[in-house]
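See structure below.
The values are calculated or read from the model by the stated rules, or taken from the named source; none is laboratory data. Treat the numbers as computed from the prediction; the structure is a model and nothing was measured. Glycine gets a Cβ as well: all are built from the backbone with ideal geometry, and neighbour counts include every protein chain shown.
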Amino acid sequence: MSEALGVSRTPVREALARLAGLGLIDIYPQRGSMVAPLRIADLEKSQFLRESLEIGLVKRAVESPRRAELLAMLKGELAVQETFASISDDRRFFKSDELFHQHIASHAGFPGIWADISAAKLHMDRFRFLSFPRLDSMSVVLGQHRRIVDALEQADALAAEEAMRTHLRRIFEVLAIVRERYPHYFKAPGSAGKRTEAAAGDLPE
């Protein structure tokens, strides 16, 4: 990797150690470092953290004095998502999906909290990238977004909370299909070896 990137080994080792700390790389002493397999425990933790944060945010958004402004922005994203779904443009649909949630976060009074949510949903995104749109449906996601907007428009905090919870738990509905379709992503290469926690000193020189 050092040779391919044209840099010394130190920054590469530090980068791998950081990725290992995030659970994206597994370090096997004296053997090397490998991309971490998908782990259900990581998904469950990631989804729990994201749901906890976004449920609180959508409830705050209902009470926001800028709710009308937020609704206009969300309805704009819905229109964009309808277009992307109609032409099967999953990449731009995915980006609009992210913006949809960012708008709620910023109008709930915590504009900088999206960085924390992005960190929390890191492992959830690994599963989402694999399942969407092959095993998921843009039309289903769009319908869930509409229900969130409807609840916000009606200032119904309970309905908004339930709509958001249903939306963020969607990943579990396709999980079994993902595991069946891509079993190799759930298996650690050389799993007989013992994995170690991240530390720059654990990486091969």
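Assuming Leu38 fulfils every condition listed in (1) out of contact with any strand residue (DSSP E or B) (no Cβ under 8 Å at 6 or more places or on another chain); (2) closer than 30 Å to Leu16 by Cβ; (3) outside any loop (DSSP other than H, G, I, E, B) apart from one, which condition is it?
Among (1) out of contact with any strand residue (DSSP E or B) (no Cβ under 8 Å at 6 or more places or on another chain); (2) closer than 30 Å to Leu16 by Cβ; (3) outside any loop (DSSP other than H, G, I, E, B), Leu38 violates only (3).
For Glu82, work out the one condition from (1) surrounded by 19 or more Cβ atoms within 10 Å (Cβ to Cβ); (2) at pLDDT 90 or above; (3) among the charged types (D, E, K, R) it doesn't fulfil.
(1)
Under the condition of being assigned to a loop (DSSP other than H, G, I, E, B) and small (Gly, Ala, Ser), which residue from the stretch 96-111 is nearest to Ala160 (Cα to Cα)?
Of the residues in the stretch 96-111, the ones assigned to a loop (DSSP other than H, G, I, E, B) are 108-110.
Now drop any that are not small (Gly, Ala, Ser), which leaves 108-109.
On the way: Ala108: 13, Gly109: 17 Å.
The residue in question is Ala108.
Within the stretch 141-194, track down each residue that is exposed (fewer than 13 other Cβ atoms within 10 Å of the Cβ), of a type in the set (A, V, I, L, M, F, W, C) and either touching a strand residue (DSSP E or B) at 6+ places or on another chain (Cβ under 6 Å) or at pLDDT below 95 (or both).
Of everything in the stretch 141-194, those that are exposed (fewer than 13 other Cβ atoms within 10 Å of the Cβ), of a type in the set (A, V, I, L, M, F, W, C) and either touching a strand residue (DSSP E or B) at 6+ places or on another chain (Cβ under 6 Å) or at pLDDT below 95 (or both) turn out to be Ala176, Phe186, Ala192.
Residues are listed down the side, and each one gets a yes or a no for (1) more than 26 Å from Ala176 (Cα to Cα); (2) of a type in the set (Val, Ile, Thr):
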position	(1), (2)
Val80	yes, yes
Lys95	no, no
Gly109	yes, no
Asp116	yes, no
Phe127	no, no
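Which of (1) of a type outside the set (Val, Ile, Thr); (2) under 17 Å from the mean Cα position of the chain (by Cα); (3) closer than 30 Å to Ser106 by Cβ is the odd one out, the single condition Arg39 does not satisfy?
Failed condition: (3).
Filter the stretch 136-161 for residues that are among the acidic types (Asp, Glu) and in a helix (DSSP H, G or I) and give the result.
Of the stretch 136-161, the ones among the acidic types (Asp, Glu) are 136, 150, 153, 156, 161.
Within the stretch 136-161, Asp150, Glu153, Glu161 qualify.
Examine the stretch 24-44 for a residue that is basic (Lys, Arg) and within 27 Å of Ser137 (Cβ to Cβ), and state whether such a residue exists.
Step one: list which residues in the stretch 24-44 are basic (Lys, Arg), which gives 31, 39.
The next check asks that each one be within 27 Å of Ser137 (Cβ to Cβ); those that pass are 39.
Checking the stretch 24-44: at least one residue is basic (Lys, Arg) and within 27 Å of Ser137 (Cβ to Cβ).
Taking Leu53 and the conditions (1) outside any helix (DSSP H, G or I); (2) surrounded by 14 or more Cβ atoms within 10 Å (Cβ to Cβ); (3) touching a residue at least 60 places away in the same chain (Cβ under 8 Å), which numbered condition does it fall short on, given that it satisfies the others?
Failing condition for Leu53: (1).
For the stretch 56-72, give me the residue count where each residue is of a type in the set (A, V, I, L, M) and surrounded by fewer than 19 Cβ atoms within 10 Å (Cβ to Cβ).
We begin by selecting, within the stretch 56-72, every residue of a type in the set (A, V, I, L, M); these are 57-58, 61-62, 68, 70-72.
Still in the running and surrounded by fewer than 19 Cβ atoms within 10 Å (Cβ to Cβ): 68, 71-72.
Of the residues in the stretch 56-72, 3 are of a type in the set (A, V, I, L, M) and surrounded by fewer than 19 Cβ atoms within 10 Å (Cβ to Cβ).
I'm trying to understand the selection: among the residues of the stretch 1-33, which are part of a strand (DSSP E or B) and modelled with pLDDT of 90 or more? Talk me through it step by step, then tell me what you get.
Of the stretch 1-33, the ones part of a strand (DSSP E or B) are 25-28, 32-33.
Ile25, Asp26, listed by residue number.
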